[in-house]
Each structure stands twice: as C-alpha cells, then as structure tokens.
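Working notes, structure below.
The values are calculated or read from the model by the stated rules, or taken from the named source; none is laboratory data. Fair warning: this is a prediction, and the values are worked out from it, not measured in the lab. Don't worry about glycine lacking a Cβ; one is built from the backbone with ideal geometry, like all the others, and counts go over all protein chains shown.
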Amino acid sequence: MSLSSGAGADSEQQRSLAGSDLDLLRRIERLPMTWVQGRLLLMGGLGYTFDAMDAQAVSFVLPPVAKLFSLSDVKPGDLAAQF
C-alpha cells in the first residue's frame, strides 16, 4: 500500500479490507453518539482546560512574586520550568 494521497490511495485501502470489515466500519460510522461518549468527551475537555489553566495561573502569579522577592531575570524562568 502506498502512502500517497488521493483517490488511488483510498481505493487501495478499500481493496485491502474484506467486504464484511468494510460493512462493519460503515455501520459503526452511522451509529449516533451515546451519552457515554459524550461524557468521555466532556471529561477530556475539562482535563485539557484545567491543565491549561494551571499554566496560565503560574504565568499570572510569577511576575509579582519575582518583584516581591527581587529575583533576577533568570530565576522566574527557572521557577516556571518547575511547573
């Protein structure tokens, strides 16, 4: 199977799948999203959001802390790297 893109690659991939496998894949694609999948999507999105919020909180707090403790220009970067 070649790695080239285009219609030729799609038809090669379809030829490599057996007829029943292709029917199964098409049937799975037609199924609606369930509440379990929605819950997983929500939990993943919230985890990603809170992970980004942690880094944002550090970036907001770091300049006043550096000024309060009279840190050099390098030390706040060292502190930020710890998170």
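Okay, here's what the table says:
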quantity: Selection status of Leu46, within 22 Å of the chain's Cα centre (by Cα), part of a helix (DSSP H, G or I) and either modelled with pLDDT of 90 or more or not charged (D, E, K, R) (or both); calculated: yes
quantity: Answer from Ser20, Ser72 - the residue that is more than 21 Å from Phe83 (Cβ to Cβ), exposed (fewer than 11 other Cβ atoms within 10 Å of the Cβ) and at pLDDT below 90; calculated: Ser20
